[in-house]
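Read through the structure below, which is laid out as structure tokens, and then see the notes.
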Amino acid sequence: MAIELAPLPLPPSADASKFVDFGREVKGVNPGTLSSEQLEEIRQLLYKHDALLFRNADLSPEQQYALTKAFDPASESYGHGNNKTGKQAKSILHPDLKTIPRVPQVQLIGNGPTPAHEGLSPVQLKHPSHTTFHKTHTTSPDTTRFYRWHIDAALYALSPPKVTTLYGIRVPQGPHQRCLYDDGTGDELDVPLGTTAFVSGKTMFDILPPDLKSVAVRAKVRYAPHPYVWMAPAHAMSTGLGIESEGLELSLEELPEWSEEAIKTYPVTWKNPVTGNLHFQVHPCGVQELLIEPLPAGASREGALYPDGAHLKDLKEVRELLYKMQRPAIAPKLVYPHDWKEKDLVLFHNRGVLHSVVGQFAPDQLRMFHQCNLAASDEPVGPTAEDVKAYA
Ligand SMILES: [Fe+2]
């Protein structure tokens, strides 16, 4: 059968004009048994549209791993690695993950008391919630917050996965919740219970004013060593977009053993390998420093920020500049909150979008998802010299 495409079901809150290229439902094919020609077509579509939805998919963990690997055949290990020992046990990621023994690249995530499943013993899963991570939280049962806007990536030693696949096996139904930004703007978003929220990194770049676009194409971020351990004692902003600067991060001496070579420094904007577009791809929680190149020869200095370049090391200053650049793109009208149905499979371009867990479940509400992403075999590519010239 031929691949057919339909738009994603946008909520009334979304500005449809900003989602013309973003997201497609793929129909007419079974994602577990795609031919190599179909896989190539899906690969192109993913980079063009950043998120693909298959409804009513039947997908074993083996098939999900194979599908995920098809986007980067030389990749092999789970995107965060599977090391949960020693000082790594402090990482804030660990409570979220249960590994399928047969296919260790696929993780069971969710909420509630799971039955024995794919070789895993029954376990009580806990949906990540802003109530454990934010400086302040909402208490009313009909309100929630974004948990953490992020890229799926270890941000240390391993390269950011190209694609993440998320497969909904059990999806509890319940009333919508109001996702509050609580940052003084009054922004809020109506969300289905337990939604995964997505924003486009391309839009995040496109809507910046020229002075910040210039910074974005000239800047690199340096992540902390073992960033999820480093940030563990810290608190998230009310919007889930980064961390409050309270000096709570672990000192470098308290971290698991680390080496300078394994630290990741990435361009702020990543070039889409199919469209050539620039996507603003920064995981704000893990960033320690910002390195900004001077303006290229011939660029106008008028109104330019950091015309001679800069190396920002003050965490508060680094975070404030990133927040200024990223916050506009999580405005309610720019968020796609996916309304999960059982057997939905979502593939997202992990190097082209940011996403966040949202919502709170009661302890007995059963949610079971399979998640797979693979540490990539190469590093993201930043803007070309022409891109820098065009935007600087
Ligand atoms: Fe994620």
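Here, each number is a calculation from the coordinates, and none is a lab measurement. Predicted model, so just to flag it, every value in this text is computed and none were measured. All Cβ positions, even for glycine, are placed from backbone atoms using ideal geometry, and neighbour counts span all protein chains on display.
Checked against a 22 Å cut-off, the cross-linked pairs LYS271/LYS389; LYS202/LYS389; LYS18/LYS126 give Cα-Cα distances beyond that limit for LYS18/LYS126. For the pair region 145-176 / region 329-355, the C-alpha centres are spaced 9 Å from each other.
Across the chain, Cα pairs under 8 Å and at least six residues apart give a relative contact order of 29 percent. Could you give log10 I(q)/I(0) at q = 0.18, 0.21, 0.25 Å⁻¹ for region 226-317, computed by the Debye formula over C-alpha point scatterers of equal weight, without solvent? Scattering profile of region 226-317, log10 relative to I(0): -1.03, -1.19, -1.33. Each of HIS311, HIS338 was scored by other Cβ atoms within 10 Å of its Cβ. Arranged with the fewest first, they read HIS311, HIS338. Where only DSSP H runs of four or more residues are counted, the chain gives -4500 deg cm²/dmol as its mean residue ellipticity at 222 nm, each run worth -39500 (n - 2.57). Among GLY23, GLY194, GLY247, the largest mean-square fluctuation in a Gaussian network model of the chain, built with springs joining Cα atoms closer than 10 Å, belongs to GLY247.
Shape of region 264-310 from the C-alpha gyration tensor: oblate (a/c of 1.5 or more and a/b not above b/c, with a ≥ b ≥ c the square roots of its eigenvalues).
Length gained on full extension, ASN56 to HIS311: 86.9 nm, using 0.36 nm per residue less the C-alpha separation. According to the calculation over all Cα-Cα pairs in the chain, the P(r) per 10 Å bin from zero is 5, 23, 35, 27, 9, 1, 0 %. Please build a GNM for the chain, connecting alpha carbons under 10 Å apart, and tell me which residue among PRO104, PRO160, PRO141 fluctuates the most. Result for the chain, Cα springs under 10 Å: PRO141 fluctuates most.
Each of VAL353, VAL29 was scored by other Cβ atoms within 10 Å of its Cβ. Listed from fewest to most, they are VAL29, VAL353.
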